[in-house]
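One structure is given here, and the rest of the page talks about it.
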Amino acid sequence: MSKSGKTAATAQIQRKHSELKERVNYHNERYHTLDKPEISDYDFDQMFTELLTLESEHNGLDLSDSPTQRVGGDAIAAFKKVDHRLPMISLSNSYSEEDIKEFNARIKKFLRNDSDVEYFAELKLDGLSMELVYEEGQLVRALTRGDGVTGEDVTHNVKTIKSIPLKISHKKLLEVRGEILINKADFVEMNQAYEEAGQMVFANPRNAAAGTIRQLDPKIAASRPLQFFAYALGAYEGITFDSQSDIEDKLAKLKFPVMDRKFTTTTSSEDDLINYYQKINKERSQLPFDIDGIVIKVNPLALQDDLGMVARSPRWATAVKFQPEQAQTVIENIVLQVGRTGAITPVAIMKPVKVGGVTITNATLHNQDEIDRKDIRIGDTVIIQRAGDVIPQVVDVVTSLRPKNSEKFIIASNCPTCGSKVTKEPEEVVLRCHNPFCKSVLIGSLIHFVSRRAMNMEKVGDKLVEAFVEKELVKSFSDLYKLTAKDIQTLDRQGEKSIENILNSIEKSKQTTLAKFIYALGIRFVGEQTAKLLADHYGTIENFMQAEAEELEKVPEIGEKVSATILKWLHDKRMQTEVKTLAKFMTFEAPKRKLEGKLSGMSFLVTGTLPVKRDVAHEKIEENGGKLLSGVSAKLSYLIVGEDPGSKADKAQSVGVKIISWEEFLELIK
């Protein structure tokens, strides 16, 4: 409706307007500032559209504090607030192919041009918007979108992202805008690690990325797998751009990560845009990162300038979102699972339902705090989605459909497997069973022990491990090496050839490395890299079993918390006996790293592009007695840098680590 066609706002309309503003502001803060959204993007967009429509149809409404006049949420008080040179505007949203046609028609009408307009279309990444400010070729500032005018200075965290260049060849002002996100596979792995450690997990990759960037300690950001894609500009000097596609081409030449062209399209055809939208919607679950739609932009920048702005959005671009991949189902039961570390995980067993082409029957509820926060109960009708298009997740409870006899769900105080008392450790949110003889803990530990990255018993799968434990053939790691053909014959569906393959697989695993063996033991907080560092430091399993706190904390990347956990495990008499028994079966391969050499006592980390391949550099270090670390810390002796070293060089300088080139490294080993 035009302004002249507006009607006067009645008291009822004004009340509705105030309520809508309050609701939108609340959800804006949950999404942009707290990174804890309570409703889907689709529901928020519907609410926001309702507010826009109300304001466009009625005079006399107070727009001074309306969220339609701004972008995003408030800047967080803990961070320095900095104004953007140019506002970081948001795009108008739509949800259908018809909207693509309407967008094209609006562009042509405004330009008074019946001929085809060239468009550039790309993925709408579901992450955190970021502006990188470069002056004299240096990254001097990184700002969140904030309210569109003022953002938060998060430079200390953004500098830890490996894909973001700290220096560029363009020496004048350049503001690069893009999205920070976490890949789906990295998200799943990260959440699994957090859950195992008893910490809160993230709801989805977007929340994880946004929550990481808003940490005060850059070590947290450095430890998480953040990615960046550049796709737009703020202010710039001394460089020209002809089109949207030209922007991304030139940013790529400046070593900024941009979207692979196989995921974009440049076209003047409306039908091509619709086909692109349909194609990406079908393929979205196979993409390595989360998206929530596509973005269509008029490609020539000269036409973008002619089109200008409308309200809070550019007239020359639009976001066409996908309908959320959600479904409604009923929780038929909540069962408790016990992991190898004793962690008790509640899992919702649901009436099967399809989400994004995948049939979902269960979803983890993580812990009691999560159950309480969402008030999830047996018998509830719930909305579910796949977080990161991977993990089934309960989004919301439809309380209006809740059975009258419903009761709150409380995790029992005893282990569902062995009946032992479960407790919560300090600073953890999960309950744990601490009985080392618990059958579920044993099964989880054995599955980890035989896994590919541990002892690599290729023919011993999860089901076989469970059968061994159920038949009481295996009660410890070492029992696996005592199995006979006669033992395995007692299991169902095990033929002669199958038994032979199982026993050969177990026999083959006896030849291993000390690092893999330590990792296989399943000591809490000891991942593959930590196991390698322990193996490098102690050299033999006997030395490791006699470790003391003071010596342990000299090992790179091991602090007080990890040291205490390792010592508790090592001092367990049952574990001491078990390792001694296991060691009798093992033949440990000689480590690649020489214990003595020109680099003995020194630790190294390689970053950037070297004149040799990375694995060749690592071999050179290890064959001369040096240790390899996975991150920068005060325990690092040297950081070897090549071209485009990224944030590690800055971090090394800040903690006083010596930085050397590949040529200087070669001088060390002459």
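Contact annotation: residue pairs with Cβ atoms under 9 Å, 6 or more positions apart or on different chains, pairing a residue in the range 238-249 that is in contact (Cβ under 8 Å) with a residue 12 or more places away in the chain with a partner that is part of a helix (DSSP H, G or I) and loosely packed, with under 13 Cβ neighbours inside 10 Å, are 242/302; 243/302. Within the range 501-522, being farther than 14 Å from residue 460 by Cβ and in a loop (DSSP other than H, G, I, E, B) holds for 513, 521, 522. Scanning the range 609-624 for residues that are in a loop (DSSP other than H, G, I, E, B) and either buried (at least 17 other Cβ atoms within 10 Å of the Cβ) or among the aromatic types (Phe, Trp, Tyr) (or both) yields 610, 624. Filtered by the rule that a residue be over 29 Å from the mean Cα position of the chain (by Cα) and either of a type in the set (D, E, K, R) or at pLDDT below 90 (or both), the range 554-579 gives 554, 568, 572, 573, 574, 578.
Could you list all residues from the range 392-424 that are surrounded by 11 or more Cβ atoms within 10 Å (Cβ to Cβ) and in a helix (DSSP H, G or I)? The answer is 399, 401. Please indicate, with yes or no, whether at least one residue in the range 464-471 is in a loop (DSSP other than H, G, I, E, B) and surrounded by 15 or more Cβ atoms within 10 Å (Cβ to Cβ). No. Look at (1) exposed (fewer than 15 other Cβ atoms within 10 Å of the Cβ); (2) touching a helix residue (DSSP H, G or I) at 6+ places or on another chain (Cβ under 9 Å) and you find that residue 568 fails only one, number (2). Among the numbered conditions (1) more than 15 Å from residue 626 (Cα to Cα); (2) in the same structural domain as residue 521 (by TED's automatic domain parsing), the only one that residue 556 does not meet is (1).
Conditions tested, residue by residue: (1) out of contact with any Phe, Trp or Tyr (no Cβ under 8 Å at 6 or more places or on another chain); (2) under 14 Å from residue 122 (Cα atoms).
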residue: 250; (1), (2): no, no
residue: 271; (1), (2): yes, no
residue: 276; (1), (2): yes, yes
residue: 293; (1), (2): no, yes
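Entry remark, the range 643-667: residues being under 18 Å from residue 613 (Cβ atoms) and modelled with pLDDT of 90 or more number 5 in total.
Here is a yes/no grid of residues against (1) without any contact (Cβ under 8 Å) to a residue 12 or more places away in the chain; (2) of a type in the set (S, T, N, Q); (3) in the same structural domain as residue 529 (by TED's automatic domain parsing):
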| position | (1), (2), (3) |
| --- | --- |
| 568 | yes, no, yes |
| 574 | no, no, yes |
| 635 | no, no, no |
| 649 | no, no, no |
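Go through the range 430-442 and give me each residue that's hydrophobic (A, V, I, L, M, F, W, C) and in contact (Cβ under 8 Å) with a residue 60 or more places away in the chain. Those that are hydrophobic (A, V, I, L, M, F, W, C) and in contact (Cβ under 8 Å) with a residue 60 or more places away in the chain: 430, 431, 433, 438, 441. Among the residues of the range 226-239, is any crowded, with 16+ Cβ neighbours inside 10 Å and outside any strand (DSSP E or B)? There is no residue in the range 226-239 that is crowded, with 16+ Cβ neighbours inside 10 Å and outside any strand (DSSP E or B). The set of residues in the range 571-608 being in contact with a strand residue (DSSP E or B) (Cβ under 6 Å, 6 or more places away or on another chain) and surrounded by fewer than 16 Cβ atoms within 10 Å (Cβ to Cβ) consists of 587 alone. From the list 255, 184, 282, 219, exactly one residue is over 19 Å from the mean Cα position of the chain (by Cα), within 29 Å of residue 643 (Cα to Cα) and charged (D, E, K, R). Which is it? Within the list 255, 184, 282, 219, the selection yields 255.
Scanning the range 625-670 for residues that are crowded, with 18+ Cβ neighbours inside 10 Å and assigned to a strand (DSSP E or B) turns up 627, 628, 638, 639, 640, 641.
Among the residues of the range 598-606, is there at least one that is in contact with a Lys or Arg (Cβ under 7 Å, 6 or more places away or on another chain), under 22 Å from residue 512 (Cα atoms) and outside any loop (DSSP other than H, G, I, E, B)? Looking for residues that are in contact with a Lys or Arg (Cβ under 7 Å, 6 or more places away or on another chain), under 22 Å from residue 512 (Cα atoms) and outside any loop (DSSP other than H, G, I, E, B), one finds none in the range 598-606, hence no. When 582, 534 are screened for being part of a helix (DSSP H, G or I), modelled with pLDDT of 85 or more, under 29 Å from the mean Cα position of the chain (by Cα) and not assigned by TED's automatic domain parsing to the domain that holds residue 632, only 534 passes.
For the range 524-533, the count of residues that are buried (at least 19 other Cβ atoms within 10 Å of the Cβ) and of a type outside the set (A, V, I, L, M) is at least one.
Looking at this structure, is residue 384 surrounded by 17 or more Cβ atoms within 10 Å (Cβ to Cβ) and touching a Cys at 6+ places or on another chain (Cβ under 9 Å)? For residue 384, the condition - surrounded by 17 or more Cβ atoms within 10 Å (Cβ to Cβ) and touching a Cys at 6+ places or on another chain (Cβ under 9 Å) - is not met.
The values are calculated or read from the model by the stated rules, or taken from the named source; none is laboratory data. All of these numbers come straight from a predicted model, not from anything done at the bench. With ideal geometry, Cβ positions are generated from the backbone for all residues, glycine too; neighbour counts draw on all protein chains shown.
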